[in-house]
Structure formats: structure tokens, C-alpha cells
């Protein structure tokens with residue numbers, strides 16, 4: 001196969017036009033093009049008067065060697081890479097050791113799936129419920145203001161990614177094409193086939209629910225075992241005379257003990273009690289930077305027009321997204337970065353708390369992306385210097401902000417909200433404008449400056465006018481800010497070595513967002529695949545390093 005990149009066609013082209021463009025680009029006769037497969041399709045919206053589709057194509061060509069010689073100096077014509085996934089190992093017949101995977105989010109799900117496919121029959125521990133029961137509990141918070149601390153947006157089958165836009169793109173380095181493995185498994189489980197080739201694939205919550213269920217069935221059919229509403233409360237770590245540490249088992253709530261020498265720690269970024277337990281067991285954990293801020297909402301039609309001009313509403317383009325970054329220059333702000341995060345076109349802002357007495361926001365879209373508002377987090381980077389006090393000080397920093405938001409919202413899980421006009425003017429909002437906030441169970445007009453450190457407020461106030469220059473209408477006075485966004489990433493990293501083990505505890509494999517090695521569904525899932533490979537090598541005593549996902 002041959003790969004052709006950067007082939008541009010107009011939005012309204014036909015499949016015949018695509019084939020004709022390939023023939024013209026490569027100077028081929030029709031009989032010479034044996035097969036054509038779209039590997040990637042994106043668009044370039046920088047010039048709104050003419051937005052082209054940009055293709056990466058895999059082609060079967062008659063006399064491929066001759067064509068490659070003819071285009072030897074062309075960087076856009078090359079042999080197609082082999083993206084076939086190959087398992088690093090398979091469990092021998094009768095192999096008894098069973099790894100334990102803690103967490104059933106994207107990372108734990110893919111780790112468990114690949115381990116099961118290799119024949120290792122993993123045991124999956126999930127503190128939350130199966131995805132459909134979890135969905136009912138989550139709606140209980142959104143509709144009635146009733147929080148279940150063990151079954152919510154953060155905890156339960158599918159992880160936090162289930163209640164999101166289902167975005168499946170990332171900037172991770174992926175030389176071994178593990179992301180292709182993930183996308184192909186998602187399609188097998190019911191995701192739309194287009195996620196294999198569109199440049200910014202997404203799925204949406206409703207489809208994610210059925211996919212997660214299908215993948216669970218596959219894992220169970222392969223010998224894996226799920227245990228829901230089961231919290232791992234301790235690790236049994238054997239310490240040798242020379243100080244070497246080795247996992248020997250997992251202790252469950254209620255006292256049950258699971259003997260195992262291999263534990264995948266895929267706990268997500270909100271398992272705060274588990275981070276405390278790791279510290280007590282002297283597993284190496286360190287503080288890391290993360291970001292905090294607010295959710296912002298605009299009419300999706302305004303974003304479409306700002307991004308696509310006359311092409312707004314084109315079904316090929318769909319609802320427009322955006323990515324904005326501002327490097328602060330104001331007094332006391334130099335070195336701070338404000339950026340949009342987890343942008344959800346045609347979506348809603350959702351309640352994402354996992355602890356009583358706290359308010360947390362997140363964004364979500366369905367596959368259609370058809371809701372009236374666009375939303376994104378507007379967040380400011382913070383570092384351990386901003387929250388001194390030890391490894392877990394970032395968690396306490398998050399908690400304080402979430403508690404302030406809970407009080408500002410009326411202490412009933414409504415969220416504080418403020419118009420952009422009032423926020424920039426430094427005055428509390430008494431009412432809202434034409435942009436109707438989508439957050440459930442509701443919002444209370446307030447002063448968001450009371451919920452955030454002063455430097456975060458000042459940085460966002462500096463950034464919004466700059467974003468308006470990049471995206472017309474972004475700082476419109478009636479755009480709505482809702483607070484607070486604190487769970488952008490884990491505030492800690494559970495450090496691991498080149499073979500995937502914790503740097504000071506053999507048999508413990510930190511992975512995904514909670515361990516500080518991923519950010520989003522795709523990167524977390526890819527890290528789960530790589531961690532499964534590391535576990536398999538360790539189980540069979542095979543050499544090999546873990547290739548980092550991020």
C-alpha cells in the first residue's frame with residue numbers, strides 16, 4: 001500500500017471527484033488505481049471563504065515500486081505504515097496468575113480488554129456501578145440535586161469520559177499506532193465507523209454507554225471478571241530486607257483479600273481517598289501542575305459563524321469547535337497560561353461533583369452535537385508553588401474552590417454563574433442575558449471572583465478580550481461563565497519506571513489520568529494498552545520498556 005497525504009478537495013466534492021483527484025495528482029490511468037481507502041479526513045478553516053477538506057489516503061497501485069521511485073522527492077507520497085496491532089505475548093495454557101485492574105474508565109477498560117485478549121483473565125475492580133445504573137444516579141444529581149458519592153460523573157463503569165463529548169483525538173506521540181487499536185475496538189463495540197478516519201472523531205454519551213457494555217461482555221467472554229461497587233482500600237506490599245517492595249495483594253472494602261502480584265492502578269483523577277492510601281503505603285507520589293477555571297457558554301451558531309463564515313451549518317463540517325490559548329503579560333501574571341479545554345460543540349455544562357458539599361463543572365455533548373450552546377472550560381495553569389503544603393495539597397486546593405462554589409450556588413448543588421460582561425467589569429451578576437445556561441440542577445447569578453484565587457480571575461479577565469480578537473463575539477457581554485472547573489487533570493503523579501512498574505513498588509502499574517500519564521479518552525485508553533503490555537511482559541518475565549503515551 002502507498003500513502004498519499006495533503007490532498008485537498010472542496011467540501012461539496014463527490015467520491016468520483018476524489019478518485020479523479022488521486023489520478024491527476026499521481027499521473028495515473030484509471031486502471032492503475034486498484035483500491036482507495038480514506039485513512040484521515042480533516043479540514044482547514046483558516047480561510048473562511050474557501051474551506052477545503054484535506055485527505056490522507058492509503059492506495060493500492062499497480063507497479064507501486066515504480067511510482068515510489070518517480071515520487072522519491074515528494075514528501076506526500078510514501079509507503080503506507082503498517083498499523084496492524086500485534087500482541088506482545090499470550091498466556092500459556094493453564095496460566096494461573098491473574099492481574100487486577102483497579103478502575104473501569106477508558107484506561108482500565110483498554111488495559112483489561114488487551115489483557116483478556118492475551119489470555120490473562122483480569123479481575124476488574126470498579127468502586128462505582130454498571131454504566132446504566134450509574135447513569136440513573138448521575139441524572140439524580142442533575143435533576144434532583146441528589147449526589148451519590150460512589151456513583152456519579154467521576155465514578156462508575158466507563159469513567160469520567162462516559163459523560164463527556166466522547167472526543168477521541170489527542171496530541172500524544174503514538175509511533176506504534178496504539179490509538180488505531182483503540183479506535184478499531186470502539187468500532188467493534190458499536191462506535192460509528194467514521195471515527196477511524198475523521199480528524200476529530202467523537203462519539204457522545206449515549207453511544208458510549210452501549211459501547212462500554214459491549215466491551216464488558218467481550219472481556220467477560222474472554223475470562224475477565226468484573227466486580228462493581230467494590231472499592232480497593234489497601235495494598236499488601238511486601239518489603240524485603242534490601243528495601244525492595246513488591247505488591248502481593250489488594251484489600252477490598254469489607255476485608256476481602258485478593259492475592260496478586262500485578263495491579264493496574266487506573267483510578268482516574270478524582271480517587272482522592274486512594275491517593276491518600278498510596279501515600280500511607282509509601283508508594284512514590286508527587287505533586288504536579290494542573291489547571292482551574294470556569295465553563296463558558298456561547299450560542300453554537302455564533303461559534304459556527306465565527307469559525308466557518310458562509311460555510312456555517314455545512315453538514316460535512318458539523319458544529320464548530322475551537323482551541324484558544326493566551327499567554328499572560330499583566331503585572332504578576334507573566335508565565336501564566338489561559339486556555340480552552342474540553343470544548344463541547346452543541347453540548348451542555350454538567351454537574352460533576354463526587355464529594356458532598358462541593359460543586360464541580362464539566363462539559364458533555366451527544367453524538368449529534370445539536371444543543372443550542374457551545375461550551376468549554378477556560379482554565380489557568382497552576383503549579384505546586386501555588387498550593388504549598390505537601391504532595392496532596394493540590395487536592396485540598398481543589399476542594400476549597402469546590403466548596404466555595406457550592407456555597408455561592410446556594411448549597412444545593414446549583415452552580416454560581418456570571419455573565420462575561422459582569423465578570424470583566426468586576427461586578428456580581430444579578431441576572432443573566434440571552435445565553436441560557438445549560439447546567440443542571442441550575443445556576444445562581446453570583447460573583448465568580450469569590451470562588452477563585454485572585455491570579456486566576458485576573459488571568460481570565462486578561463484572556464477573554466484576547467480570545468475575542470481570535471474568535472469574534474467570544475467576549476460578548478451575555479456569554480455565561482459557570483463555576484468551578486477543577487478536575488482538568490490529576491493534581492498528582494504516581495511515578496513509574498521504564499518497565500511500567502511504580503518506581504519504588506514492583507507489581508504496581510500506575511496508568512492513565514489518575515496516575516498523571518494521560519488526559520482524555522484517547523490518551524488514557526492508549527496508556528491502558530501500553531500498561532497491559534507491560535503487565536504481560538512482567539507476568540511472563542519478558543524484556544521490554546513501556547512506551548509512554550504522553
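The values are calculated or read from the model by the stated rules, or taken from the named source; none is laboratory data. In this text the structure is predicted, and so the values were computed from the model without any measurement. As a convention, Cβ positions derive from the backbone with ideal geometry for all residues, glycine included, and neighbour counts pool all protein chains shown.
Going by what's in this entry, would residue 433 be described as closer than 26 Å to residue 371 by Cβ, surrounded by fewer than 20 Cβ atoms within 10 Å (Cβ to Cβ) and either in contact with a strand residue (DSSP E or B) (Cβ under 7 Å, 6 or more places away or on another chain) or touching a residue at least 60 places away in the same chain (Cβ under 8 Å) (or both)?
Judged against the criteria, residue 433 is a match.
Outside the structural domain of residue 139 (by TED's automatic domain parsing), buried (at least 22 other Cβ atoms within 10 Å of the Cβ) and in a helix (DSSP H, G or I): does that describe residue 402?
The answer is yes for residue 402.
Just for segment 194-242: of the residues that are free of Cβ contacts under 8 Å to residues at least 12 places away in the same chain and in a strand (DSSP E or B), which one is surrounded by the fewest Cβ atoms within 10 Å (Cβ to Cβ)?
Among them, the one singled out is 239.
Is it the case that segment 4-25 has a residue that's part of a loop (DSSP other than H, G, I, E, B) and within 28 Å of the chain's Cα centre (by Cα)?
Looking for residues that are part of a loop (DSSP other than H, G, I, E, B) and within 28 Å of the chain's Cα centre (by Cα), one finds none in segment 4-25, hence no.
With the requirement that a residue be surrounded by 15 or more Cβ atoms within 10 Å (Cβ to Cβ) and either over 27 Å from residue 201 (Cβ atoms) or at pLDDT below 95 (or both), what does segment 27-41 give you?
Hits for segment 27-41 are 28, 32.
Condition (residue is within 30 Å of residue 171 (Cβ to Cβ), more than 27 Å from the chain's Cα centre (by Cα) and not in a loop (DSSP other than H, G, I, E, B)) applied to segment 433-451: is it met by at least one residue?
No, the conditions are met nowhere in segment 433-451.
Taking residue 68 and the conditions (1) more than 11 Å from residue 2 (Cβ to Cβ); (2) surrounded by fewer than 16 Cβ atoms within 10 Å (Cβ to Cβ); (3) touching a residue at least 40 places away in the same chain (Cβ under 8 Å), which numbered condition does it fall short on, given that it satisfies the others?
(1)
Based on this model, can you work out whether residue 41 counts as more than 30 Å from residue 123 (Cβ to Cβ) and touching a helix residue (DSSP H, G or I) at 6+ places or on another chain (Cβ under 7 Å)?
Criteria not met by residue 41.
Got a number for residues in segment 437-466 being without any contact (Cβ under 8 Å) to a residue 40 or more places away in the chain, in contact with a strand residue (DSSP E or B) (Cβ under 7 Å, 6 or more places away or on another chain) and more than 30 Å from residue 147 (Cβ to Cβ)?
Of the residues in segment 437-466, 0 are without any contact (Cβ under 8 Å) to a residue 40 or more places away in the chain, in contact with a strand residue (DSSP E or B) (Cβ under 7 Å, 6 or more places away or on another chain) and more than 30 Å from residue 147 (Cβ to Cβ).
Residues being under 17 Å from residue 9 (Cβ atoms) and touching a helix residue (DSSP H, G or I) at 6+ places or on another chain (Cβ under 9 Å): count how many of those fall in segment 54-63.
3
Here are some conditions: (1) modelled with pLDDT under 90; (2) more than 16 Å from the chain's Cα centre (by Cα). Residue 176 meets all but one. Which one does it not meet?
(1)
In the list 357, 410, which residue meets the criterion of being in contact with a helix residue (DSSP H, G or I) (Cβ under 9 Å, 6 or more places away or on another chain) and surrounded by fewer than 19 Cβ atoms within 10 Å (Cβ to Cβ)?
From the options 357, 410, the qualifying one is 357.
I'm trying to understand the selection: among the residues of segment 366-394, which are assigned to a helix (DSSP H, G or I) and crowded, with 20+ Cβ neighbours inside 10 Å?
394
Residues that are closer than 29 Å to residue 483 by Cα and in contact with a strand residue (DSSP E or B) (Cβ under 6 Å, 6 or more places away or on another chain), at least 1 per element: which strands (runs of 3 or more DSSP E) completely within segment 261-323 meet that?
The qualifying strands (runs of 3 or more DSSP E) are 285-287, 290-299.
How many residues does segment 274-291 hold that are closer than 30 Å to residue 335 by Cα and within 24 Å of the chain's Cα centre (by Cα)?
Qualifying residue count for the region: 8.
Checking residue 349 against (1) surrounded by fewer than 22 Cβ atoms within 10 Å (Cβ to Cβ); (2) in a strand (DSSP E or B); (3) under 17 Å from the mean Cα position of the chain (by Cα), which single condition isn't satisfied?
Status for residue 349: all satisfied but (1).
Take the conditions assigned to a loop (DSSP other than H, G, I, E, B) and either farther than 28 Å from residue 524 by Cβ or in the same structural domain as residue 247 (by TED's automatic domain parsing) (or both) and apply them to residue 462. Does it pass?
No; evaluated as a whole, the condition is false for this residue.
Is it true that residue 341 is within 14 Å of residue 376 (Cα to Cα) and not in a loop (DSSP other than H, G, I, E, B)?
Yes; evaluated as a whole, the condition is true for this residue.
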